[in-house]
Amino acid sequence: MNPNSWSAIRRQKDQYGRYLVAPDPSSDEVNQAWGVPVLETVVCPDGEGWLLDTTKFGRLALRESLIVRMGYANDDLVRNILRYVAEERCVLTVERPAAVLHLTTLPTLAATETDEPAKRSK
């Protein structure tokens with residue numbers, strides 16, 4: 001989920017002024033919603049999110065085991081530099097696509113700041 005959306009969701013209150021995600025956001029786990037871990041990333045568009053059931057979604061398959069290569073390049077031998085590369089090739093297998101839910105129209109920080117009730121002058 002985008003950090004702006006997650007911050008706006010954590011600030012949502014019901015009509016009694018209680019927070020919806022956690023009873024006390026200052027003392028509860030910051031990156032959890034009702035016991036479900038929340039991962040924040042700016043790669044996810046603002047106002048959108050993904051809900052993923054990792055117990056049913058699929059698994060990680062190993063295509064190539066860990067390989068460590070070392071060597072020199074250009075003038076590394078003169079400068080006494082040895083380069084290492086460690087690489088492992090994995091693939092994510094999707095066994096149950098229904099375990100993924102795309103959430104849209106989530107609140108954002110920009111939307112919650114502008115939703116203040118307008119004060120009318122008499």
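The values are calculated or read from the model by the stated rules, or taken from the named source; none is laboratory data. Treat the numbers as computed from the prediction; the structure is a model and nothing was measured. Positions of Cβ are backbone-derived with ideal geometry, glycine not excepted, and every protein chain shown enters the neighbour counts. Only protein heavy atoms, including side chains, enter the accessible area calculation; ligands, DNA and RNA are left aside. Shrake-Rupley method; radii C 1.70, N 1.55, O 1.52, S 1.80 Å.
Being touching a residue at least 24 places away in the same chain (Cβ under 8 Å) and of a type outside the set (S, T, Y) is the filter here; which residues of segment 1-15 pass it?
We begin by selecting, within segment 1-15, every residue touching a residue at least 24 places away in the same chain (Cβ under 8 Å); these are 1-9, 11-12.
The answer is M1, N2, P3, N4, W6, A8, I9, R11, Q12.
Would you confirm whether or not segment 56-72 contains a residue that is free of Cβ contacts under 8 Å to residues at least 24 places away in the same chain and surrounded by 13 or more Cβ atoms within 10 Å (Cβ to Cβ)? Give the derivation first.
Within segment 56-72, the subset free of Cβ contacts under 8 Å to residues at least 24 places away in the same chain is 65-72.
This time we only want the ones that are surrounded by 13 or more Cβ atoms within 10 Å (Cβ to Cβ), so: 72.
Within segment 56-72, one or more residues are free of Cβ contacts under 8 Å to residues at least 24 places away in the same chain and surrounded by 13 or more Cβ atoms within 10 Å (Cβ to Cβ).
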Any residue in segment 79-95 that's among the β-branched types (V, I, T): show its pairings with residues that are open to solvent by 80 Å² or more (accessible area, probe 1.4 Å) and outside any helix (DSSP H, G or I) at Cβ separation under 7 Å, as long as the two are six or more apart or on different chains.
V85/R69; V91/R63; T93/R59
